[in-house]
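Novice: Please read through the structure below; I'll follow up with questions.
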Amino acid sequence: MTIRRIRELAEVGVPGAAIGIIAGVVVGVMSLLAGFPVGWAIAGVLTLGVPLAVLGMAYGALVGLGYVRPGTFALAALLWLVGFPLSRLAHETFTPVVLGGQPTPPDDILTFLAFQGLVSMGFAVGFVWMFERITPPWLVNIKDHNPAAEQVYARYAQYAAVVWETRERRRARRSVRLADRHATADAPGASPDGPRDPASRRSRAIPGTRSAAAPGCPARRALTARP
């Protein structure tokens, strides 16, 4: 792989890196709101935002190489299942180092990684949601000079066309069902109060049977006969 190709893929991965940095900034802001010093919040942005940005750019590179298709989630979930817990471990361990202290890893690393693995699923969902909304406009800006971006943009355009056609087919089927329903309701002889009683339908379907409400029914004549 040439240097030029690496640069093209890195440029495609810029939205993923931006999402990672945004996540680090959010953690820093939450640290300030929790009462931590400003230096601790800035160090947290670096120790968490940088690993997340690297992983986000790696995801964008995988998209550029064609390993990840638009609208899919499996590879993103796998990437963040491994990458997010390790990023959080680096955040917990090396934030004091940035401030001149000693590394402070969690007491129970395995439990910590397992819990962060659960959290990573939610992060992966949010990451994919944001990535697929900010990446197409970015690709429009760079596809003229970046062949990798042009290929990724073509895949996104094809995916958008498929989604649009599927939605239109569902809308058309729904319209046909509604039209059939209205036509059945407006048909001559249709009951305005809805479907008849199932017992009356069965009585009409069985030859030789009459409803008790029919004028010629013997039961009705017996009930209405005067003594």
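Novice: Of everything in the stretch 91-101, what is assigned to a helix (DSSP H, G or I) and farther than 23 Å from Gly60 by Cα? Give them in sequence order.
Specialist: Within the stretch 91-101, Glu92, Thr93, Phe94, Thr95, Pro96, Val97, Val98 meet the criteria.
Novice: Can you confirm whether Thr104 is β-branched (Val, Ile, Thr), within 21 Å of Ile42 (Cβ to Cβ), out of contact with any His (no Cβ under 6 Å at 6 or more places or on another chain) and in a loop (DSSP other than H, G, I, E, B)?
Specialist: Considered against the rule, which asks whether it is β-branched (Val, Ile, Thr), within 21 Å of Ile42 (Cβ to Cβ), out of contact with any His (no Cβ under 6 Å at 6 or more places or on another chain) and in a loop (DSSP other than H, G, I, E, B), Thr104 comes out as yes.
Novice: Continuing with this model, one more query. Given (1) at pLDDT 95 or above; (2) out of contact with any helix residue (DSSP H, G or I) (no Cβ under 7 Å at 6 or more places or on another chain), where does Phe36 come up short, assuming only one miss?
Specialist: The number of the failed condition is (1).
Novice: Looking at the stretch 28-41, which of its residues are among the aliphatic types (A, V, I, L, M) and surrounded by fewer than 19 Cβ atoms within 10 Å (Cβ to Cβ)?
Specialist: Listed by number, the residues that qualify are Val29, Met30, Leu32, Leu33, Ala34, Val38.
Novice: Conditions first: (1) at pLDDT 90 or above; (2) farther than 23 Å from Gly16 by Cβ. Gly101 passes all but one, so which condition is the exception?
Specialist: Gly101 satisfies all of (1) at pLDDT 90 or above; (2) farther than 23 Å from Gly16 by Cβ except (1).
Novice: Moving to a separate point now. Phe115 versus (1) surrounded by fewer than 17 Cβ atoms within 10 Å (Cβ to Cβ); (2) within 21 Å of Ile22 (Cα to Cα); (3) among the aromatic types (Phe, Trp, Tyr): which is the lone unmet condition?
Specialist: With respect to (1) surrounded by fewer than 17 Cβ atoms within 10 Å (Cβ to Cβ); (2) within 21 Å of Ile22 (Cα to Cα); (3) among the aromatic types (Phe, Trp, Tyr), Phe115 is out only on (2).
Novice: Being exposed (fewer than 13 other Cβ atoms within 10 Å of the Cβ), among the hydrophobic types (A, V, I, L, M, F, W, C), touching a Lys or Arg at 6+ places or on another chain (Cβ under 9 Å) and at pLDDT 90 or above narrows it down to one residue among Ala148, Ala154; which is it?
Specialist: Unique residue meeting the criteria: Ala154.
Novice: Looking at the stretch 67-81 only, could you name the residues that are assigned to a loop (DSSP other than H, G, I, E, B) and either in contact (Cβ under 8 Å) with a residue 24 or more places away in the chain or over 12 Å from the mean Cα position of the chain (by Cα) (or both)?
Specialist: Matches in the stretch 67-81: Tyr67, Val68, Arg69, Pro70, Gly71, Phe73.
The values are calculated or read from the model by the stated rules, or taken from the named source; none is laboratory data. Because the structure is a prediction, the values reported are computed rather than measured. Using ideal geometry, Cβ is built from the backbone for each residue, glycine included, and neighbour counts are taken over all protein chains shown.
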